Amino acid sequence: MIPFGGWLMPVQYTGIVDEHQAVRNALGMFDISHMGQFVVSGNGARDWLDITLTNSISKLDVGQGQYTFLLNDNGGVIDDLIVYRTGDAEFLLVVNAAKVEEDFAWLEQHRATGIALKNRSAEFGGVAIQGPCVVELFYELLGQDPKLPARNCIRDFVIEDMPVSIARTGYTGEDGVEVFFRVQDAAKLWNLVLERGKEFGAKPCGLGARDTLRLEMCYPLNGSDLSAERNPIEAGLGFFVDLEKREFTGRDKLLETKRNGARERLIAFKMNGTGPPPRPHYALFSNGNRVGEITSGTLSPSLNIGIGMGYVSAASAKIGTPLEVEIRGQKFPATIEKKPLYKKQL
Amino acid sequence: MNVPDNLLYTKTHEWIRREGDNIRIGITDHAQAELTDVVFVELPKVGTQVAAQAPIAVVESVKAASDIYAPVKGTVVEANNALTNNPALINTDPFGEGWIFALKIDNADDLKNLQSAQAYKDQIG
C-alpha cells in the first residue's frame, strides 16, 4: 500500500505483470474511488464549462462524455479529466484524486452565476472494469444483453438494487467501463464483480498495472507527464483542445504555442534492446547532447521491452530519432516511436 | 514466507550463505515478493572490492529499482550470470538459482553483525 492523492492504495494484488495480462487478455478491476467526482448544473452550465475546459462541450449530447483539460491562465495543465453530459443542464466531471481540492477551488473561484457546483467525491465511489471480457461480465451481472453505452458514453443502470452509472471509458486501451456508485454499495459491488468475473479470469488490479497499461497506450499521467508548466500542445494532446472556440481559459497561450511551435514536446520511446528499464527523471540524450528527461518509464509487460515518455527539445522530437537514456551513468540506446506504443493484435 | 534457518540475514533483505571463506548472497523470499516480477539485474564485476553496506548490485522490478548491499567487507569472486538472461530466477528460486553474487570475506568476525533467521522473521513480522 502506498499513499496516493491522499489515499492509501495498493500497488498490486497478485503482481503487476499478472494483473496487466489479466486486463489485456481477460478482465481486471481497479478501485478508482479515490478519483474526484463533481456535478455541475444550472442553465448556463454548458456554456460555462465550454469556456472553462479545452474540449468542445457544446458537441456533447446527453449521455456522451469527452476527455478534456482544465488549464490555468498560462495554458498550463491544472488537471486532465472526463466530462460527461448527464442531463440537459447537468454534467459529471471525473478528476484526478490529487487535484480534487485544487480543481474545485479553481472552478468555484471562476463559477458563473446560476451555476451549481457540487463535489460528490465523498458520497460516490468508482471502479474501472477493463478487458476484452467486459461485455460477457455484464451479461452475467444484468442477466441479459447489457446494451452497454457506446465508447465515451454514460448511462444509468441498476445492478442487484444498486443504482450505478456506467461509462464506456478507461485508462488501459482495452474495451472497458468505469462504474460510479454510492459509497455504501462499494464493497458489495466489488465482491460481486470479482465473483461473477471469476469464470472470465477477472482479477483485482492495483496502481502498478494501471501505470504499465496506460503507459503502453501513452495516456498521460497528471503530475508526471502533465503539469502546470506544460500545456496540451506540448504534450501532443491538441486533439482535446478546440482552438476554434472563441474563448476558453489558456486559449491565447495555446495559440501562441501553436504559432511559434512548442519548445519541447512529449515523445514516446522504446529501448532498442534489453537492459535496465527506463524510469522517471532519467536524462535523455541525442547525438551526445542532453535533450530532455523521462517523465514516465517502465518495462512494458506486453512488449517485454523498456518504454517511456519524456519531454525533449522540439528539434529532437521526430519519430524515428535515436535517443540515449542515461541509467546509473551508462547510456542505453532508444528510439522515438509513434504513439501509442502498444497496439492490440486483432 | 520462506526464511531458511541455515542462512544469515541483513536488515535490507539480503540472505547470506557461508561457504568456507566465501559467502553467497541473494535477496529473500519476502523481498522478491515485495518487488515482484524482477526484470533486470545489474551484477557486480568479479574482483570488485566492496565495503560493508555499500551498494553493489541493482535489482529492478516493473515497480522500482532497488540497490543490493554488500553484507560485509570483501571482494566479489562470483556473479550469477544466469540472471542476465533470466532475472525472474530471483522470483522463482530466491534462495537457490536466484543467488546474485559471492564475496570472499576479509574478516569472518564481520558475520557476527548479521542477524539470524529468527531475528529476520521478527523484522518482517
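Taking the conditions exactly as written (free of Cβ contacts under 8 Å to residues at least 60 places away in the same chain, under 18 Å from B:Gln123 (Cα atoms) and surrounded by fewer than 23 Cβ atoms within 10 Å (Cβ to Cβ)), does B:Lys73 satisfy them or not?
No, not satisfied.
Being buried (at least 19 other Cβ atoms within 10 Å of the Cβ), in contact with a strand residue (DSSP E or B) (Cβ under 7 Å, 6 or more places away or on another chain), touching a residue at least 24 places away in the same chain (Cβ under 8 Å) and closer than 24 Å to A:Asp80 by Cβ: is that true of A:Gly126 here? Against the criterion (buried (at least 19 other Cβ atoms within 10 Å of the Cβ), in contact with a strand residue (DSSP E or B) (Cβ under 7 Å, 6 or more places away or on another chain), touching a residue at least 24 places away in the same chain (Cβ under 8 Å) and closer than 24 Å to A:Asp80 by Cβ), A:Gly126 qualifies.
Only residues in the range A:12-25 that are facing chain B (nearest Cβ under 8 Å) and more than 15 Å from A:Met217 (Cα to Cα) count as the first member; pair them with residues that are among the hydrophobic types (A, V, I, L, M, F, W, C) and part of a helix (DSSP H, G or I), Cβ under 6 angstrom, at least 6 apart or cross-chain, and list the lot. From the range A:12-25, the pairs are A:Ile16/A:Ala209. A search for C-beta distances below 8 Å between a residue of the range A:259-277 that is within 14 Å of chain B (Cβ to nearest Cβ) and any residue that is of a type in the set (A, V, I, L, M) and in a loop (DSSP other than H, G, I, E, B), counting only pairs 6+ apart in sequence or on different chains, returns A:Pro277/B:Val62. The residues on offer are A:Asp88, A:Asp47, A:Asp73, A:Asp61, and the sole one that is in contact with a strand residue (DSSP E or B) (Cβ under 8 Å, 6 or more places away or on another chain) and outside the structural domain of A:Phe180 (by TED's automatic domain parsing) is A:Asp61.
Out of everything in the range A:253-281 that is within 30 Å of B:Pro87 (Cα to Cα) and among the β-branched types (Val, Ile, Thr), what residue ends up being modelled with the highest pLDDT? Of everything passing the filter in the range A:253-281, A:Ile267 is modelled with the highest pLDDT. Filtering A:Gly5, A:Gly28 for residues that are more than 14 Å from chain B (Cβ to nearest Cβ), on the phi > 0 side of the Ramachandran plot and of a type in the set (Gly, Ala, Ser) leaves a single hit, A:Gly5. In summary, strands (runs of 3 or more DSSP E) completely within the range A:250-346 and bearing 3 or more residues that are touching a Pro at 6+ places or on another chain (Cβ under 9 Å) and surrounded by fewer than 16 Cβ atoms within 10 Å (Cβ to Cβ) occur at A:330-337.
Here's the yes/no breakdown for (1) surrounded by 18 or more Cβ atoms within 10 Å (Cβ to Cβ); (2) assigned to a helix (DSSP H, G or I); (3) of a type in the set (Lys, Arg):
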{"site": "A:Asp145", "(1), (2), (3)": "no, no, no"}
{"site": "A:Arg155", "(1), (2), (3)": "no, no, yes"}
{"site": "A:Tyr171", "(1), (2), (3)": "yes, no, no"}
{"site": "A:Ala187", "(1), (2), (3)": "no, yes, no"}
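Once the range A:1-31 is narrowed to residues that are within 25 Å of A:Arg120 (Cβ to Cβ) and crowded, with 21+ Cβ neighbours inside 10 Å, the residue that is nearest to the chain's Cα centre (by Cα) is A:Phe30.
Evaluation of A:Ala22 against the conditions (1) within 30 Å of B:Leu35 (Cβ to Cβ); (2) at pLDDT below 95; (3) of a type in the set (Gly, Ala, Ser) shows that the sole unmet condition is (2).
Residues in the range B:31-75 that are acidic (Asp, Glu) and out of contact with any Asp or Glu (no Cβ under 9 Å at 6 or more places or on another chain) were compared, and the one that is modelled with the lowest pLDDT is B:Glu34. Taken across the range A:208-220, residues that are modelled with pLDDT of 95 or more, on the phi > 0 side of the Ramachandran plot and buried (at least 22 other Cβ atoms within 10 Å of the Cβ) do occur, with at least one present. For the range A:51-62, a residue qualifies if it is over 15 Å from A:Glu90 (Cβ atoms) and crowded, with 20+ Cβ neighbours inside 10 Å, and the qualifying residues are A:Thr52, A:Leu53, A:Thr54, A:Asn55.
Kindly establish whether A:Lys203 is closer than 23 Å to A:Met1 by Cα and either touching a helix residue (DSSP H, G or I) at 6+ places or on another chain (Cβ under 7 Å) or not polar (S, T, N, Q) (or both).
Yes, satisfied.
For the range A:63-87, the set of residues classified as charged (D, E, K, R) and either surrounded by fewer than 18 Cβ atoms within 10 Å (Cβ to Cβ) or in contact with a His (Cβ under 7 Å, 6 or more places away or on another chain) (or both) consists of A:Asp73 only.
A:Val40 meets all of the listed conditions (1) of a type in the set (A, V, I, L, M); (2) under 20 Å from the mean Cα position of the chain (by Cα); (3) not assigned by TED's automatic domain parsing to the domain that holds A:Gly208 but one, namely (2).
What do you reckon, is A:Pro301 of a type outside the set (Asp, Glu), farther than 22 Å from A:Gly238 by Cβ, touching a Gly at 6+ places or on another chain (Cβ under 6 Å) and within 14 Å of another protein chain (Cβ to nearest Cβ)? Against the criterion (of a type outside the set (Asp, Glu), farther than 22 Å from A:Gly238 by Cβ, touching a Gly at 6+ places or on another chain (Cβ under 6 Å) and within 14 Å of another protein chain (Cβ to nearest Cβ)), A:Pro301 does not qualify.
Checked against (1) closer than 22 Å to A:Gly273 by Cβ; (2) surrounded by fewer than 18 Cβ atoms within 10 Å (Cβ to Cβ); (3) in contact (Cβ under 8 Å) with a residue 40 or more places away in the chain; (4) not small (Gly, Ala, Ser), B:Lys104 passes all but a single condition, namely (1).
The values are calculated or read from the model by the stated rules, or taken from the named source; none is laboratory data. In this text, all values refer to a predicted model and were calculated from it rather than measured experimentally. We place every Cβ from the backbone using ideal geometry, glycine too, and count neighbours over all the protein chains shown.
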